[in-house]
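Below is one structure, written out as structure tokens, with a few remarks after it.
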Ligand SMILES: [Mg+2]
């Protein structure tokens, strides 16, 4: 016991576990977090329990100015929270979540993180600890079994497969062109997981509407949502969320690793815990005017299939993917 007390005393306050009680709609909910989690993280946990989307939550806490709890990037250890006091949440469950997506202001959030800093972030002990905790907390549910000998393709949704900011009578109008052809071709060599920074309800609804979940030509291995993400801190960019692939690798070590996984996302910062596995895809926006000219998924199909035979994908520089397929094509033509 003495040893445990000693180590608790030396560990920083930010790593300490916090148990908070949140009152909402006449009920009380218990949320467990740690000091280095952000307010944004807290809201996602509350969303998990209440289904009130983070952006619809207003948090109130005794003697604490509401603006502190309105800033998602504030760390909980920076707030005077006590487990004896209760937090109140005001917010309504959205049924019209599609409308909600479009209504909310667009976040301009793609920023470059330098290579050196990216390496620093993934190696920081505090971020590794967060990943560890997320691995314990978040269980990936398989919709279809992992397949022996296949690589893994992880896909973002918003602006990667779908233009979530435009409006249309039929969501199919906002789907990135060639999506089903792309998934069909990729499925030959890759298991496919879809990971979006929104709620599971929205991920299932959206993928269902696009016909991705019941397509006869390919199967989706798993869906992941915002609760699987972790919050990390960068010196130049402050606090932001990312998608750590280590969560998947830890849960299916016999199938997937940094060597056989590739992830497509329009936001580079989502790769910060695994920079060698991410490919930044050109965002698909303004679907109505760009639909006819967007061939990204056709070109990326070629890339995916041409690298599928490699032993270790993490040795590639995915930022030059378009020249890789060209070079390979030339080599083949000249052979
Ligand atoms: Mg996106």
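The values are calculated or read from the model by the stated rules, or taken from the named source; none is laboratory data. Being a predicted model, the structure only gives us computed values, none of them experimental. Cβ: placed from backbone, ideal geometry, glycine included. Neighbour counts: every protein chain shown.
Are any residues in region 207-218 in contact with a helix residue (DSSP H, G or I) (Cβ under 7 Å, 6 or more places away or on another chain) and over 17 Å from residue 163 (Cβ atoms), and if so, which ones?
The answer is 213, 215, 217, 218.
What about residue 236, is it surrounded by fewer than 17 Cβ atoms within 10 Å (Cβ to Cβ) and modelled with pLDDT of 95 or more?
It is false that residue 236 is surrounded by fewer than 17 Cβ atoms within 10 Å (Cβ to Cβ) and modelled with pLDDT of 95 or more.
Just to be sure, is residue 241 within 16 Å of the ligand (Cβ to nearest atom) and under 25 Å from residue 166 (Cα atoms)?
Taking the combined requirement at face value, the residue satisfies it.
Mind listing whichever residues of region 27-38 are touching a residue at least 40 places away in the same chain (Cβ under 8 Å) and surrounded by 17 or more Cβ atoms within 10 Å (Cβ to Cβ)?
Residues satisfying the conditions are 33, 34, 35, 36, 37, 38.
Do we find that residue 186 is within 23 Å of residue 251 (Cα to Cα), more than 16 Å from the ligand (Cβ to nearest atom) and not in a strand (DSSP E or B) in this structure?
yes
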